[in-house]
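K.L.:
One structure is given below, represented as structure tokens, and several questions about it will come after.
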Amino acid sequence: MVLLTVLDVLMLVVGAVGMIYQVACVLKSLVSKPVRFPDAPMDKRYAVLISARNEEQVIGNLIGCIREQTYPAELIDIWLVADNCTDHTADLVRSLGCNVVERHNDQLIGKGYALTYLLDHMIDEGLSDTYDAYFVFDADNRLDKHYFEEMNKAFHAGFRILTSYRNSVNLNDNWVSSGSALWFIRESRFLNNSRMLFGSSCHVGGTGFMFSKEVMKRNKGWKFHLLTEDLEFTMDSVLHGDRVGYCGTAILYDEQPVTFAQSWRQRLRWSKGFLQVFRFYGPYLIRRAVRERDFSAVDFTLLLCPFTVLSVFRIALGMLFAAFGFVTWQSQIGAISGWANGIVFAVLGMMGLAGLTIVAECDQIGATNKELFAYVLSFPIYMLSYVPISFQAIFSKAQWKPIQHKG
């Protein structure tokens, strides 16, 4: 009985703190001017790291965007690892004058392993020290022409790790792509932007981020291989005392899944990756939050907190106690009903958040008013699907699988 009460209080407190923090982030973002970095000399040399698996349909778009930057082209080198490719990705990228490293390994699968292989090659060849920092992109990305110029300003301002504004090339394809796109736009505007305003560390997304040569050397290349290697990199950086910066004026366009099956598979991998990262980094984050009073550690502890695992454990324990007569069935049914009511309020909140994101970022979202209204209504469906996905992630063995891109 005491254990059930402790679990209920823990989930209530953590949930309430998380909700209050989310509201504070939204309000801070709405009432404060975003951080802008001063002009800086365009004199740094950058390496672009791209992991690609059968991406010949889209990779040319990204390379074209990089070549058309306002930043001096001679200071940007493109490095691509053709990871277990069976198409002509490697040949195409070579023909465009980029550096290509081919990797064939069907045992160690995933973007993290591919980046490790690529950076190890550059280190072994003595080429890694020629760059001041490294950018990581996915093959389907496109960039605003000022992207490198803006990120360079933030790099000159002193940030050793940076992430950027993540938009979408296909938000208005359907309700699946819009749900994913709105989620990332919301994260850029109402989380990373607010974290910068609060002076805390930001969250590196899976693409569109940069890290300095010093960070690369500390990590001896790339050492992150969990299913969400970007989140793992963020947690490791926070534990090392780095403040991950956010440059909202550097805009990246990502291609989102358009079928629910693709989206489910992708988010299942993310959910499993969150559990992995919490398992390996959660205790250290909590320790840092307590000992160092590091707000970033508190923030990311809330982000990683496995609510679904706690909920499943709480329900199972409550049913077991009820079966043995320690508590009444009515009390446990009442607890489940209370959670159901919470879900209803969460749905309304998600609709409001999607609408607020659209209003606040209307200049960045290309869709008709009719489409936007439909996406606000469908956003809760997209988000609620995380409930069964998170439940499946507890028991499944999710693996990295490529998503087909149409370009």
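The values are calculated or read from the model by the stated rules, or taken from the named source; none is laboratory data. All values reported here derive from a predicted model rather than from experimental measurement. FYI the Cβ positions are ideal-geometry reconstructions off the backbone, even for glycines, and counts take in every protein chain you see. When the accessible area is computed, the model is the full protein with side chains, heavy atoms only, and any ligands, DNA or RNA have been set aside. Shrake-Rupley method; radii C 1.70, N 1.55, O 1.52, S 1.80 Å.
K.L.:
Over the chain, with a Gaussian network built from C-alpha contacts below 10 Å, which listed residue (Leu108, Leu275, Leu353) shows the highest mean-square fluctuation?
P.N.:
Leu108
K.L.:
What whole-number value in Å² describes the accessible area per residue of the stretch 1-46 for a 1.4 Å probe? Spell out each step's value before the answer.
P.N.:
On the way: 3110 Å² over 46 residues.
Heavy-atom accessible area per residue stands at 68 Å².
K.L.:
At a 1.4 Å probe radius, which order do Leu239, Leu162 fall into by accessible area, largest first? All intermediate terms of the calculation are to be shown ahead of the outcome.
P.N.:
On the way: Leu239 50, Leu162 0 Å².
My answer, sorted largest first, is Leu239, Leu162.
K.L.:
Turning to a different aspect of this structure: Using Cα atoms only, what is the angle between the long axis of helix 147-156 and the major principal axis of the chain, expressed in degrees (0 to 90) to the nearest 10?
P.N.:
Once rounded, one gets 80 degrees.
K.L.:
Moving on. Which aspartates and glutamates have a Cα less than 13 Å from the Cα of Lys33, not counting those fewer than 8 places away in the same chain?
P.N.:
none
K.L.:
Have a look at Leu96, Leu119, Leu303 and tell me which one the Gaussian network model of the chain (Cα, springs below 10 Å) gives the largest fluctuation.
P.N.:
Leu96
K.L.:
Just for the Cα atoms in the chain, what are the lengths along the principal axes, largest first, rounded to whole Å?
P.N.:
72, 46, 43
K.L.:
Can you compute 3J(HN,Hα) from phi for each residue in the stretch 219-232, using the Karplus curve 6.51 cos²θ - 1.76 cosθ + 1.60 with θ = phi - 60°, rounded to whole Hz and x for Gly and Pro?
P.N.:
So the Karplus estimates, Gly and Pro as x, are 8, 6, x, 10, 10, 10, 10, 6, 5, 10, 5, 5, 5, 4 Hz.
K.L.:
I would also like to ask the following. Which of Asn99, Ile365, Phe280 sits farthest toward the positive end of the charge dipole of the chain, with +1 on the Cβ of Lys and Arg and -1 on the Cβ of Asp and Glu?
P.N.:
Highest projection toward the positive end goes to Phe280.
K.L.:
Okay, next question. Can you give me the three principal axis dimensions of the stretch 179-306 from its C-alpha atoms, in Å, biggest first?
P.N.:
44, 33, 29
K.L.:
If I take all pairs of Cα atoms in the stretch 46-259, what percentage of them are more than 32 Å from each other? Display every interim value, and only then the final one.
P.N.:
On the way: 2494 of 22791 pairs.
For the stretch 46-259, the fraction of Cα-Cα distances above 32 Å is 11 percent.
K.L.:
Could you work out [θ]222 nm for the chain from helices alone, using -39500 (n - 2.57) per DSSP H run of at least four and dividing by all its residues? Round to the nearest 500 deg cm²/dmol.
P.N.:
Numbers: 15 runs with 223 residues, N = 407.
So the calculated ellipticity at 222 nm is -18000 deg cm²/dmol.
K.L.:
Now, a different point. Work from the charge dipole of the chain (Cβ charges, +1 for Lys and Arg, -1 for Asp and Glu, about the Cα centre) and give the residue of Gly208, Gly64, Val309 farthest towards its positive end.
P.N.:
Val309
K.L.:
Continuing with the same structure: If each of Met19 and Asp39 carries a label point 7 Å out from its Cα toward its Cβ, how far apart are those two points in nm?
P.N.:
My value for the distance between the label points is 4.8 nm.
K.L.:
Let me ask something additional. Provide, in order from the shortest bin, the percent of all Cα-Cα pairs of the stretch 227-365 in each 5 Å bin, continuing until the bin that contains the maximum pair distance.
P.N.:
2, 8, 11, 12, 15, 18, 16, 10, 5, 2, 1, 0
K.L.:
Measure off, as a whole percent, the carbon and sulfur share of the 1.4 Å-probe accessible area of the stretch 253-302, all protein chains present. All intermediate terms of the calculation are to be shown ahead of the outcome.
P.N.:
Numbers: 1510 of 2600 Å².
Answer for the stretch 253-302: carbon and sulfur cover 58 percent of the accessible area.
K.L.:
Given Cα pairs under 8 Å that are at least 6 residues apart, what percent is the relative contact order of the chain? Display every interim value, and only then the final one.
P.N.:
Working: 625 pairs, mean separation 81.2, N = 407.
It comes to 20 percent, rounded to a whole number.
K.L.:
In a Gaussian network model over the chain where Cα atoms closer than 10 Å are linked, find which of Phe278, Phe307, Phe184 has the largest mean-square fluctuation.
P.N.:
Phe307
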